[in-house]
Amino acid sequence: MTEPWRDVTVPVEERVADLVARMDVAEKIAQLSSVWGVDPDVGEMAPMLRDGLGPMPAWSDLIAGGLGQLTRPFGTDPVGAADGMRALARRQRDVVAANRFGIPAQVHEESLTGLNAWRATIYPSPLCWAASFDPALVERMGAQIATTMRSLGIHQGLAPVLDVVRDHRWGRVEESLGEDPFLAGLVGAAYVRGLEGGGVVATLKHFVGYSASRAARNHAPVSMGPRELADVMLPPFEMALRAGARSVMNSYTDTDGVPAAADPALLTTLLRDELGFSGTVVSDYFSIAFLRTLHRVADTDGEAARLALEAGIDVELPSVNVYGGPLVDAVAAGAVDEKTVDRAVFRVLVQKCQLGLLDPGWAPAEPAEVDLDPPEARALARDLARRSVVLMANDGTLPLAAGSRIAVVGPRADTDEAMLGCYSFPMHVLAHYDDVETGLTIPTVREALADAFEVSYALGCPVLGGTDADIAAAVAAATDADVCVAVLGDQAGLFGNGTSGEGCDVATLDLPGRQEELLEALLATGTPVVAVLLVGRPYDLSRQVSRLAGVVCGFFPGEEGAQAIADVLAGRVNPSGRLPVSFPGSGSTQPSTYLAPVLGQHSEVSVVDPTPLFPFGHGLSYAAATWGEVSAPADPSWDTEGTCEVSVVLANEADREVSEVVQVYLHDRSSSVVRPVQQLVGAARVDLAPGERARVRFGLHADLTSFTGRDLVRIVEPGQVELRVGASSADLRAVLPLELAGSTRQVGADRVLEPSIVVEPA
């Protein structure tokens with residue numbers, strides 16, 4: 001008779017319950033562990049990874065009795081697809097043979113800019129996803145990434161990052177989806193739908209509050225009240241969970257003294273009891289051990305294991321440290337209840353069952369030649385890069401006139417690294433391999449512009465450092481040109497090996513190194529200067545912007561980024577990206593985002609003016625849509641349980657395609673707690689062919705006006721509000737006054753999180 005857990009006709013939870021009942025404690029705990037390689041030296045990628053954690057056991061010891069996850073078999077070393085599949089299949093067969101139930105490991109990889117593997121497509125960074133304001137395109141990207149991952153035998157991707165930016169000095173701004181929770185949720189949920197729809201588990205990072213660390217320092221403590229957590233940090237996770245994400249990763253930080261990895265109020269009460277999450281919680285790398293070594297809330301590894309397991313962390317990543325022998329000993333000593341282990345292993349095995357890893361006849365994917373950067377993926381990367389380029393300023397110099405002599409200068413002008421964020425494979429892994437090529441064709445801005453223009457080149461200065469002679473050479477090149485394109489920005493890296501990326505926080509938002517000095521020298525030539533920013537965060541350009549002929553921002557636009565930048569500069573593409581982060585005004589005052597109350601904005605009670613130079617949602621085009629009627633219902637009464645429809649008519653009177661991003665902001669004129677002056681509640685990208693007209697309709701449920709009240713309960717509150725409709729948070733085309741009518745209404749996790757949007761011919 002077939003054991004129930006092996007019978008695919010039996011419901012998943014019954015199969016898993018039967019299996020768990022057959023396992024001993026050591027076998028259960030083995031399913032909560034992971035292994036990063038066999039005997040890997042992972043210390044190069046980040047500091048403190050093995051500090052104080054002891055030597056790694058032998059491979060056979062690590063998998064004895066089973067294994068929960070295999071960590072990054074493709075994303076640790078430059079291994080070809082077929083060789084990686086061969087090695088992974090061998091490891092999986094070892095794992096299956098090492099446990100009496102024949103359960104394979106779940107395999108995870110980083111997937112922030114595509115699969116983080118050698119020669120795999122490098123898509124634009126998440127800031128670019130957000131700048132595109134195009135969730136449908138992001139969903140297509142997620143689906144393509146899933147196709148690649150599944151072909152290699154990978155089950156889980158560690159993305160998206162849903163941390164809402166509160167201070168742009170934080171190094172991981174480049175990994176985020178910007179400073180607005182609605183936009184982050186809208187785009188993050190689209191990525192989740194794509195990845196999960198392709199059969200790969202999406203992992204939401206980092207639950208929750210990571211990006212609000214003091215002074216924007218990585219891993220630093222967080223001082224944040226429950227209202228900010230609920231109204232700013234949490235909504236993107238809620239939207240992505242509703243999109244079907246099956247895994248969540250904890251934050252490294254502590255909030256008010258309690259580390260997230262040891263906080264049952266976050267990982268169980270909030271995440272599971274209130275939000276209804278039923279998937280797995282995986283630890284951020286080494287964060288359980290950090291409870292002892294860094295947070296120092298545990299004296300022993302066993303105590304760290306107890307705290308994390310009771311809080312709700314199911315799987316320890318990336319390698320077993322405390323969810324191994326220390327946890328086995330803690331259960332044996334009675335310090336950890338076996339029922340707590342059962343809770344975690346049940347979740348882990350349910351997910352494995354969903355992935356088919358418990359099915360009879362399962363076998364690992366066999367070696368095959370897989371194209372990790374197929375033409376359809378490159379085309380998708382190019383489309384997303386083009387949609388994400390933001391034209392921030394233009395005096396008419398752009399697009400560049402045909403036949404112009406262009407001086408292309410600057411530290412990011414002639415390097416493919418300028419296109420890549422810190423979680424791309426070349427910057428994350430190949431930085432440790434001097435003799436290994438990227439394995440991809442990644443043009444530089446200089447190369448892309450040389451296809452259409454007469455181009456001269458000078459470095460000017462590296463990202464950091466440089467010489468007077470190099471700056472003088474750039475000045476000479478600019479002097480002899482019709483237009484100077486100054487390509488400035490960041491070097492992505494990890495833990496101090498760059499100016500942007502994990503552990504690469506900054507004290508100010510001045511351009512790194514001597515780049516501002518270079519820019520001033522170029523401006524002094526009298527040649528029109530267009531600044532192209534390839535950056536991981538916004539920088540202060542307030543001292544130069546009035547003298548610049550144009551400003552274009554690409555963030556880290558991926559392998560097709562240079563072509564997208566060149567297409568915009570040459571006018572082949574009508575720029576249509578919008579800023580997901582504000583660019584600071586004079587003085588780089590931080591922390592400051594557009595989500596500020598009255599006293600967080602410029603006022604007479606302080607001489608410090610946080611008004612941004614370029615506001616959230618800003619972006620120019622060479623040809624823009626013509627705005628027509630913006631209308632709301634004739635009756636200004638909006639029931640606190642009802643829906644308000646707002647419509648906007650757009651027309652394209654130009655001779656080329658235009659793309660507009662219609663943005664709807666909520667302004668609450670008076671409320672029971674202090675609220676932002678305005679916040680995004682709706683956005684729609686509308687593409688129009690020449691002569692085309694369209695009407696976009698937003699169905700805005702009153703739930704979208706909800707906030708956390710004085711008693712920390714989320715409510716919809718009656719009163720006077722405005723819907724501000726425009727092309728950015730500062731470029732408002734209509735203000736629609738409305739009255740939320742009815743009684744105060746409590747709402748919860750099942751509330752409406754997004755408006756309905758219909759685009760139709762007008």
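FYI, it's all coordinate maths here, none of it is from the lab. Just so it is clear, the model here is predicted, and its values are computed rather than measured. Backbone-built Cβ (ideal geometry, glycine too); neighbour counts: all protein chains shown.
Quick look at the numbers
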| quantity | calculated |
| --- | --- |
| Cα long-axis angle, helix 338-354 against the chain (0 to 90 degrees, to the nearest 10) | 60 |
| Protection-proxy order for peptides 102-109, 614-621, 704-711, each taking the mean of Cβ atoms within 10 Å per residue, highest first | 102-109, 614-621, 704-711 |
| Compactness of segment 382-600 - radius of gyration and Dmax, Cα, Å | 16.6, 55 |
| From phi via Karplus (6.51, -1.76, 1.60), per-residue ³J(HN,Hα) for segment 457-474 in Hz, x at Gly/Pro | 9, 8, 5, x, 6, x, 4, 10, x, x, 10, 4, 5, 5, 5, 4, 5, 5 |
| ³J(HN,Hα) computed for each position of segment 626-642 - Karplus, 6.51 cos²θ - 1.76 cosθ + 1.60, integer Hz, glycine/proline x | 8, 7, x, 5, 10, 9, 10, x, 4, 7, x, 7, 10, 5, 5, 10, x |
| Rg in Å to one decimal, and Dmax rounded to a whole Å, for segment 615-659 via C-alpha atoms | 15.2, 44 |
| Stokes-Einstein D for segment 375-508, Kirkwood Rh over Cα pairs, 20 °C, 1.002 mPa s (µm²/s) | 129 |
| Cα lying deepest toward the dipole's positive end in the chain, options Thr340, Thr203, Val646, charges on Cβ | Val646 |
| Projected-area average for segment 609-698 over all orientations - Cα convex hull basis, square nanometres | 7.9 |
| Positive-end residue of Leu307, Ser319, Ser621, charge dipole of the chain with Cβ unit charges | Leu307 |
| Cα convex hull volume per residue for segment 45-177 (Å³) | 142 |
| Cβ charges +1 (Lys, Arg) and -1 (Asp, Glu), total dipole of segment 475-608, debye | 260 |
| Two-decimal log10 I(q)/I(0) for segment 596-638, as the Debye equation yields it once each C-alpha is a single scatterer, q = 0.16 Å⁻¹ | -0.80 |
| Estimated dipole of the chain in Debye, rounded to 20 [Cβ of Lys and Arg +1, of Asp and Glu -1, Cα centre] | 660 |
| For the chain, average projected area of the Cα convex hull in nm² | 32.9 |
| Spacing of the two label points (7 Å from each Cα toward its C-beta) at Asp687 and Arg214, in nm | 4.9 |
| Rounded to 5, the percent of DSSP beta bridges in the chain classed as antiparallel | 55 |
| P(r), alpha carbons of segment 558-618 - 5 Å bins starting at zero, rounded % | 4, 16, 19, 17, 12, 10, 10, 7, 4, 1 |
| Anchor Lys205: lysines whose Cα lies under 23 Å away (excluding residues fewer than 8 positions away in-chain) | Lys352 |
| Placed amide H near Ile122: partners under 5 Å, 5+ positions off or other chain | Glu559 |
| Cα centroid separation, segment 209-226 to segment 230-252 (Å) | 17 |
| Mean separation of Cα contacts under 8 Å (6+ apart) over length of segment 180-286, as relative contact order % | 33 |
| Radius, Kirkwood style, for segment 242-344 when every pair of distinct Cα atoms is counted (Å) | 13.5 |
| Convex hull volume per residue for segment 526-655, taking Cα atoms only, in Å³ | 201 |
| Spherically averaged projected area in nm², based on the convex hull that wraps the Cα atoms of segment 626-761 | 8.1 |
| Tilt relative to the chain, helix 301-311 - C-alpha long axis, 0 to 90 degrees, to 10 | 70 |
| Cβ crowding within 10 Å averaged over residues, with 694-700, 712-718 ranked highest first | 694-700, 712-718 |
| FRET efficiency, Val649 to Val752 (Cβ-Cβ, R0 30 Å, nearest 0.05) | 0.75 |
| For peptides 225-232, 522-529, sequence by mean Cβ density within 10 Å, most packed first | 522-529, 225-232 |
| Alpha-carbon gyration tensor eigenvalues x 5, square-rooted, for segment 155-266, Å | 22, 14, 12 |
| Share of Cα-Cα pairs in segment 378-419 lying beyond 14 Å, as whole percent | 70 |
| Spatially proximal aspartates and glutamates relative to Lys339 (Cα-Cα < 16 Å; intrachain offsets below 8 disregarded) | Asp18, Asp24, Glu27, Glu310, Asp314, Asp329 |
| Separation between Cα centres of segment 380-410 and segment 430-482, rounded to whole Å | 16 |
